[in-house]
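The values are calculated or read from the model by the stated rules, or taken from the named source; none is laboratory data. Owing to the predicted nature of the structure, the values given are computational and were not obtained by experimental measurement. No Cβ is skipped: glycine too gets one built from the backbone with ideal geometry, and neighbour counts run over all protein chains shown.
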């Protein structure tokens, strides 16, 4: 039996809780493990407990120490934001827990140090849900394609922006109308600037660059251009060339020169490509390796239920072998950041 | 240092050897492990050794006992066929080695027993390269999506047939002309019947059904219709409905009734779908889960270099934690096989 605590009871946290409390929770035939949710920590624990229902055997608390001093094996962090989330992850590892997080900012800024701390503690630090929702891209890049030498990642990594742009594409609406619609459907927050401006996607791209190329990359070093100015006319112009507009995150690594080029920006892509066909909150990634050529992966990039699948996959991986050794990545600062030429919305500089 | 032996020096085996002997072998930043190829077993070891070049520190042999009695940690099986390959895998596990295989027939027919043997021995049995070449679908289904309850797999799993059909599609050629072309380009064997008739794809589908649904499935129970009779006229008819023809492998599992429906057959698919757009030896899989919706993955489904990436990913996974416990899957025979309605080449029964 593996005991799990949950930090943060928002969209993702509540979906994780719901799934873990399902009476018929079947964790894959390859992960024959019993997993029990025993603690839920949230600032508004009292209120949320009464709304959600207590859940048999679950302790609700608004004191982090109740989790740190408990006998849980795994802490799932779904709080969001850099602090206090990073501190709580660090304290959990220090207290001998493994940690699963969906927090891309924590991983992008402090992931390497937290992973090293986990390894020193003989525990694990996993974050499949921090990038790409349900699509298992962290495993693909760090594990499945580990035998290749990866050279390029081109991806749609922000579900909110993709939902807004694909809605504008399909209906001819303005961005503010598409945003209002996305908010109604739960795809966009009140302030979507972190999504549209590329801050969310560059944190995720920085994580993938670390795993794929071994670079110790501050996400703020990745060039961005905001998608907030995209208007119906941009789609009309793109359409004349059989294209459409998507927020693309791209990184190219030149191993012979240790040179990285990385950007996040709205770009014109062919309408009938894997990028142009991504609608709603879908995420996509095309990963190029010297030996395997192009490998692609796509799936629901946002939403509580999809992200909960990634979280529970990580929990199951830890639960099935709690003594597993997961060596921290070897990240190097010895690389050059090449000035990115951000795409303009013309086909000449398309993806 | 992890020592590796290779069984079988054909297309895949020689690609694995080439990659392991590359002086700049970089195994992902997350797998900081030294891996050394120390033994190559092949029936024609002498001849192949002189053609390939010996490789520093590599022992070539045509006696399996030289591998079984050696101090290698991992045996890579790239022999093909059910026997003697299965026997050699069993003997390797019995001798305390972990095994990585690319052999879908061995995994589909004897995988569960071999995995249990590996677990009893405290060793690992891995087979990412047995399905989908470079695309990491075994990890996606058994690990990344382990937190979901998977209900459907629709896929293109045979690179040879896809290369032939997509060539017929693009050029209007007959099957025999497309086959001759595929042979020239190394995509098809002299006798392509196992590919066209669906035997190869159903072995791979059976493996995915075991991992996704926990069913103990004899691949010969999967309904098949051969693609060998597909003619240019079939493409013309499909095209009039914006479709094309591909060999599709599909499995649906009803968890409430423990009922499986599975088939491999040529089918009409929309030309602008992920299936219709798969050309050459590409493989694709669309995996549906109750919680994550649809997750897709695609990549080079055949070819030595691509399959070698999958093999080395598995070798690296084992090397980084040789004491890892990978519990064998819980497979059940307690399910009903529903009679599959094989698709006809009309849109009414399209995927």
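Within the bounds of region A:184-200, is there any residue that is within 17 Å of the chain's Cα centre (by Cα), within 14 Å of chain B (Cβ to nearest Cβ) and under 22 Å from residue A:215 (Cβ atoms)? Checked region A:184-200: no residue is within 17 Å of the chain's Cα centre (by Cα), within 14 Å of chain B (Cβ to nearest Cβ) and under 22 Å from residue A:215 (Cβ atoms).
Going residue by residue through region B:21-35, is there one that turns out to be touching a strand residue (DSSP E or B) at 6+ places or on another chain (Cβ under 6 Å), closer than 27 Å to residue B:187 by Cβ and buried (at least 19 other Cβ atoms within 10 Å of the Cβ)? The answer is no; no qualifying residue exists. The set of residues in region B:74-89 being over 9 Å from residue B:5 (Cβ atoms) and touching a strand residue (DSSP E or B) at 6+ places or on another chain (Cβ under 7 Å) consists of B:77, B:78, B:79, B:85, B:88, B:89.
Here residue B:220 passes the criteria (1) at pLDDT 95 or above; (2) over 27 Å from residue B:344 (Cβ atoms) except the one numbered (2).
Can you find, within region B:139-169, the residue that is surrounded by the most Cβ atoms within 10 Å (Cβ to Cβ) among those that are in a helix (DSSP H, G or I) and more than 19 Å from the chain's Cα centre (by Cα)?
Looking only at region B:139-169, we keep the residues that are in a helix (DSSP H, G or I), and these are B:139-144, B:159-169.
The next check asks that each one be more than 19 Å from the chain's Cα centre (by Cα); those that pass are B:165-169.
Numbers: B:165: 26, B:166: 22, B:167: 21, B:168: 23, B:169: 22.
Out of the qualifying residues, it is B:165.
Go over the candidates B:227, B:238 one by one and state the one that is in contact with a strand residue (DSSP E or B) (Cβ under 8 Å, 6 or more places away or on another chain), in a helix (DSSP H, G or I) and away from chain A (no Cβ under 12 Å). Just one listed residue meets the conditions, B:238. For residue A:40, the criteria (1) touching a strand residue (DSSP E or B) at 6+ places or on another chain (Cβ under 6 Å); (2) within 14 Å of chain B (Cβ to nearest Cβ) hold in every case but one, which is (2). Note on region B:182-213: among residues that are without any contact (Cβ under 8 Å) to a residue 24 or more places away in the chain and in contact with a helix residue (DSSP H, G or I) (Cβ under 6 Å, 6 or more places away or on another chain), the one that is farthest from residue B:281 (Cα to Cα) is B:194.
The test for being within 20 Å of residue B:206 (Cβ to Cβ) and either in a helix (DSSP H, G or I) or not assigned by TED's automatic domain parsing to the domain that holds residue B:310 (or both) does not hold for residue B:119.
Checking every residue in region B:158-165 against the condition of being touching a strand residue (DSSP E or B) at 6+ places or on another chain (Cβ under 7 Å), closer than 25 Å to residue B:329 by Cβ and at pLDDT 95 or above gives at least one match.
Can you find a residue in region A:86-109 that is more than 13 Å from the chain's Cα centre (by Cα), at pLDDT below 95 and surrounded by fewer than 24 Cβ atoms within 10 Å (Cβ to Cβ)? Looking through region A:86-109, none of the residues is more than 13 Å from the chain's Cα centre (by Cα), at pLDDT below 95 and surrounded by fewer than 24 Cβ atoms within 10 Å (Cβ to Cβ).
For region A:209-231, give me each residue that is farther than 26 Å from residue A:147 by Cα and crowded, with 16+ Cβ neighbours inside 10 Å. Of everything in region A:209-231, those that are farther than 26 Å from residue A:147 by Cα and crowded, with 16+ Cβ neighbours inside 10 Å turn out to be A:222, A:223, A:224, A:225, A:226, A:227, A:228, A:230.
Based on what the data block shows, is residue A:264 more than 11 Å from every other protein chain (Cβ to nearest Cβ) and surrounded by fewer than 21 Cβ atoms within 10 Å (Cβ to Cβ)? When the stated conditions are applied, residue A:264 does not pass them.
Taking the conditions (1) closer than 21 Å to residue B:161 by Cβ; (2) in a strand (DSSP E or B) in turn, residue B:276 satisfies each one other than (2). Scanning region A:268-281 for residues that are facing another protein chain (nearest Cβ under 9 Å) and surrounded by 21 or more Cβ atoms within 10 Å (Cβ to Cβ) gives a single hit, A:274.
For region B:119-131, state whether one or more residues are within 13 Å of chain A (Cβ to nearest Cβ) and out of contact with any helix residue (DSSP H, G or I) (no Cβ under 7 Å at 6 or more places or on another chain). It would help to see each step written out before you state the result.
Just the residues of region B:119-131 that are within 13 Å of chain A (Cβ to nearest Cβ), to begin with: B:119, B:122, B:124-129, B:131.
Those left that are additionally out of contact with any helix residue (DSSP H, G or I) (no Cβ under 7 Å at 6 or more places or on another chain): B:119, B:122.
The answer is yes; a qualifying residue exists.
Taking region A:243-252, which residues are within 20 Å of residue A:335 (Cα to Cα) and buried (at least 24 other Cβ atoms within 10 Å of the Cβ)? Across region A:243-252, the qualifying residues are A:249, A:251.
Kindly establish whether residue A:84 is in the same structural domain as residue A:309 (by TED's automatic domain parsing) and over 23 Å from residue A:316 (Cα atoms). Here the answer is yes, as residue A:84 does meet what is asked.
When region A:227-258 is filtered for residues that are touching a residue at least 40 places away in the same chain (Cβ under 8 Å) and at positive phi, only A:258 remains.
If you go through region A:282-335 and pick out every residue that is in a strand (DSSP E or B) and either modelled with pLDDT under 90 or within 7 Å of chain B (Cβ to nearest Cβ) (or both), you end up with 9.
Each row is one residue, and each column tells you yes or no for (1) assigned by TED's automatic domain parsing to the domain that holds residue A:14; (2) within 26 Å of residue A:147 (Cβ to Cβ); (3) in contact with a helix residue (DSSP H, G or I) (Cβ under 7 Å, 6 or more places away or on another chain).
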{"site": "A:254", "(1), (2), (3)": "no, yes, no"}
{"site": "A:259", "(1), (2), (3)": "no, yes, no"}
{"site": "A:262", "(1), (2), (3)": "no, yes, yes"}
{"site": "A:272", "(1), (2), (3)": "no, no, no"}
{"site": "A:279", "(1), (2), (3)": "no, no, yes"}
{"site": "A:282", "(1), (2), (3)": "no, no, yes"}
{"site": "A:285", "(1), (2), (3)": "no, yes, yes"}
{"site": "A:290", "(1), (2), (3)": "no, yes, no"}
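Taking every residue in region B:144-156 that is in contact (Cβ under 8 Å) with a residue 12 or more places away in the chain and within 7 Å of chain A (Cβ to nearest Cβ) and pairing it with any residue that is crowded, with 24+ Cβ neighbours inside 10 Å and in a strand (DSSP E or B), at least 6 positions away or on another chain, the pairs with Cβ-Cβ distances below 7 Å are B:145/B:287; B:145/B:295.
Looking at residue A:183, is it surrounded by fewer than 17 Cβ atoms within 10 Å (Cβ to Cβ) and at pLDDT below 95?
Working: surrounded by fewer than 17 Cβ atoms within 10 Å (Cβ to Cβ): yes; at pLDDT below 95: yes.
Taking the combined requirement at face value, the residue satisfies it.
Taking the criterion of being within 18 Å of the chain's Cα centre (by Cα), in contact (Cβ under 8 Å) with a residue 24 or more places away in the chain and in a helix (DSSP H, G or I), the only residue of region B:215-224 that qualifies is B:219.
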